[in-house]
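Below is one structure; the comments refer to it alone.
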């Protein structure tokens, strides 16, 4: 019998018990997890049902107390109306007095005696039974607040007959808040149905569904289940198959639903089954032990091969031998042939090991150099952040001086200072690009403008004996890429060119459009591309060096002079942008690196329009400014005041939160905060907490470091230093978007 046949039996012996155990374990875990998930969802629906009854009981207690008032029992409606005006009610609620026929007589939202509108669909039945009976109305639109509302009625009896009804109406948004508090996953759906199976609260798109009745098919399924709690299979209005868990509120008879897509429910049940892997490994270990026992029948022929391998390891010449097994005989023949070539290969292997050790040493040195550059980048980022704060104060101060000074000579001096501040701003942007603390995503870029903007950075990088020449004709096509990585790639190429020309020379950066055909040497698809060429007159590269130029950590520079990561970054940037990079070089004549980047076919130059608020809204807006830098805070307050805003200041997050929560102070319309501040709560954390506590508050964050962190949280970010115009536009945009929302924060 061959080795193959015996191994087949070995595999069967290993897999059979493991498969049997896996099937049994899967079934057991599935049943247990299904029961656990069902129990958890039923507990959630019961909790919400209890909360609904508790909320309705709270309003019912208020109605009962009002109905017991002596003034209404004596028929003194004017005195009872005066008491309603002096009594605090839950937010959004109101009290109406009806006569026995359901005609409104007095309302807490109207002066006494003023004609009252008849609310639609507000049933009031003259015969309600005993005086202790409460009734919950159907859903209706409140004529005062125009909100979908519910009313609770209480009869007032006089001489055994119904004389009045005391009715408290309240919006159903309070019930919606109870559903939102459950923090259901986005794909799940929470619904509250009243006793008529009308939707009164919903987690997704409540405005579009409140007031609708559940589908007849779903209502029939609910009625077919006599239990208080349970689950039914159904299909949503969007056509999604869901498992709906329900619980009926005991006091009100309302029904709470939580619908979970079948796929989501199945995933939550199957996810923990991964724990079965441990059990399966145990079974496999037992199966392997059985396989080892079977494998011993193969060890005897292999023992001779072991002796031959030992001789081969000692460098001896092996003669072919016969074992009676086809596979081992072929192996013995291969060992005999291998013994002839091992001695020859050992010398080659020694040389390769030496080369590998040398390469490892070079990689280690390059790694150390990269760590030094990373530390330098962190230091540069910190310096740039502090310098941006200084520039912010200078920029705001100069613009204020320009606005307030009437003298032409002073304005010319101020404009010169502003130009210097703008140069300093561009330099800090380049420093942040080097440190990689300034992040940017792919966006539409004009490469001609980008390269022109790098002129100062490139001039500062190159020594005086190297002449920089830019050949950037107009009409270059637009493209989409990461501008930060593009600037870094061009800078890396310029640094490489500088190091290749220690005795001086010329560096030319050119840009032109190009159309590639199918089957081009770059391996790109046919189409329109932009080419950036960086050419120098340096020492050049031979064929061997060019073949390894794009490999990470490969460098021809001396220790301490390079990391070998520059061209690797250029290669990675080109591939990520959907393009390619190539090198043309000749020893002694120079090098040309060609970056080929795809053209953006459809260009969009029109920025999105922003609807600004009216001037009176700007003058009435109150801004809370939060910044730990006193000089920045002083200049910002002066500029905001000059722009027409009412401004208050806070030196930290705790002070800002205390001001926002002070109801005795004027309302705050907008929070303008720095991101980097001392203490346990930075600007992003402050904005998150303020948005959670005061959803109507408009928030803008400013930073001299990186705007990605705040932008990822959905906040508008102003990168420091910014101008008064940028500040004014951001404030107008934020206040304009808040024009139709709820009231400001007190």
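Every number here is computed from the coordinates shown, using simple stated rules; none is lab data. In this text, all values refer to a predicted model and were calculated from it rather than measured experimentally. All Cβ positions, even for glycine, are placed from backbone atoms using ideal geometry, and neighbour counts span all protein chains on display.
Binning all Cα-Cα separations of region 439-598 at 10 Å, short to long from zero, yields these whole-percent fractions: 10, 40, 38, 11, 0. Taken along the Cα-to-beta-carbon direction at a fixed 7 Å, the label points for residue 469 and residue 692 span 6.2 nm.
Using 0.36 nm times the number of residues separating residue 182 and residue 422, minus their current alpha carbon distance, what extension gain do you get? Intermediate values should be presented prior to the final figure.
Values: separation 240, 0.36 × 240 = 86.40 nm, distance 5.08 nm.
Stretched out fully, the residue 182 to residue 422 stretch lengthens by 81.3 nm.
For region 207-267, pairs of C-alpha atoms spaced more than 13 angstrom apart make up 66 percent of the total.
Say R0 is 25 Å: what FRET efficiency, to the nearest 0.05, do residue 303 and residue 281 get from their beta-carbon distance?
Working: r = 31 Å, r/R0 = 1.24.
Computed FRET efficiency for residue 303 and residue 281: 0.20.
With the convex hull drawn over the C-alpha atoms of region 1-304, the volume per residue is 168 Å³. Computing FRET efficiency as 1/(1 + (r/R0)^6) for residue 105 and residue 50, where r is the C-beta to C-beta distance and R0 is 25 Å, gives about 0.10.
Take 668-681, 334-347, 219-232, 202-215 and order them by the average number of nearby Cβ atoms within 10 Å per residue, most first; the result is 668-681, 202-215, 219-232, 334-347.
With the simple model of a label 7 Å out from the Cα in the direction of the Cβ, residue 207 to residue 528 spans 4.1 nm.
Taking 0.36 nm per intervening residue step and subtracting the Cα-Cα distance, what contour gain separates residue 413 from residue 515 on full extension?
Values: separation 102, 0.36 × 102 = 36.72 nm, distance 4.94 nm.
That works out to 31.8 nm of additional length.
Arrange 600, 693 by Cβ neighbour counts within 10 Å, fewest through most, would you?
On the way: 600 16, 693 12.
Ordered by Cβ neighbours within 10 Å, fewest first: 693, 600.
With a Förster radius of 51 Å applied to the C-beta separation of residue 455 and residue 658, the computed FRET efficiency comes to 0.55.
Nearest 5 is fine: what % of DSSP beta bridges in region 452-554 come out antiparallel, could you say?
Numbers: 10 of 16 bridges.
Here the share of antiparallel DSSP bridges comes out near 60 percent.
A straight chain from residue 13 to residue 646 at 0.36 nm per residue would run longer than the Cα-Cα distance by 219.6 nm.
Remark: spin-label model distance residue 293-residue 228 equals 5.8 nm, labels positioned 7 Å along the Cα→Cβ axis.
Under 18 Å from a point 7 Å along the Cα-to-Cβ line of residue 159: which residues of region 72-91 have their amide N that close? Output list for this probe position: 72-77. Packing order of peptides 298-307, 324-333, highest average first: 324-333, 298-307 (average count of other Cβ atoms within 10 Å over each peptide's residues). Distances between every pair of Cα atoms in region 615-737, grouped in 10 Å steps from 0 to the bin holding the largest one, split as 13, 51, 33, 2 percent.
Listed peptides 446-452, 476-482 appear in the order 476-482, 446-452 once ranked by packing, highest mean of other Cβ atoms within 10 Å at the front.
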